[in-house]
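Down below is the structure, laid out as structure tokens.
The values are calculated or read from the model by the stated rules, or taken from the named source; none is laboratory data. Quick caveat, the model's predicted, so the values are computed rather than measured. Every residue, glycine among them, receives a Cβ derived from its backbone with ideal geometry; neighbour counts consider all protein chains shown. Areas reflect the complete protein model, heavy atoms only, side chains present, ligands, DNA and RNA absent. Shrake-Rupley method; radii C 1.70, N 1.55, O 1.52, S 1.80 Å.
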Amino acid sequence: MSASAQRGSVWVMELRGELDVAFIGRVERATAEVLRRFPGPLVYDLRRLSFADSLLLNHLLATRRQRPVGLVGANPFVARMLEVTGTAAALPTFASPEAAETVLAPRGRRQAASSPFTQGCRCLDGRHRQG
């Protein structure tokens, strides 16, 4: 697991390592905090994620019901899971957070969104702190 920060008018959550039952709770809590405080789309950066299963897929779909969601760097396993489950269109994959922002953020809100987290946070470890 890694960091979480606002980038322009999207919020980027970087996930690292193996995302399994031991860590999904941290991701869920961090996402809930962002959803409470940030009004824009969420982008999950998966470039450093080595393992994920249906727990991540379920989390992403639940988050999508509340806010636009995009993915960056889905590895072949995640991409295949999205394809097989028919969720690839609902969870679009982008080359970068900037590319996701171009598609997901409303035009009038790009680069203008502000939040109490403008400095970013590292709340994926279960403790919120600015940083």
Of all residues in the range 69-90, count the ones that are open to solvent by 60 Å² or more (accessible area, probe 1.4 Å) and in contact with a helix residue (DSSP H, G or I) (Cβ under 7 Å, 6 or more places away or on another chain). 1
Within the range 77-86, is even one residue at pLDDT 90 or above and polar (S, T, N, Q)? yes
Is at least one residue of the range 16-30 of a type outside the set (S, T, N, Q), crowded, with 18+ Cβ neighbours inside 10 Å and over 18 Å from SER2 (Cα atoms)? no
Hits in the range 31-47 (condition: open to solvent by 60 Å² or more (accessible area, probe 1.4 Å), touching a residue at least 24 places away in the same chain (Cβ under 8 Å) and over 18 Å from LEU91 (Cα atoms)): ARG37, PRO39
Of the numbered conditions (1) outside any loop (DSSP other than H, G, I, E, B); (2) modelled with pLDDT of 95 or more; (3) surrounded by fewer than 21 Cβ atoms within 10 Å (Cβ to Cβ), GLN66 satisfies every one except a single condition; which is it? (1)
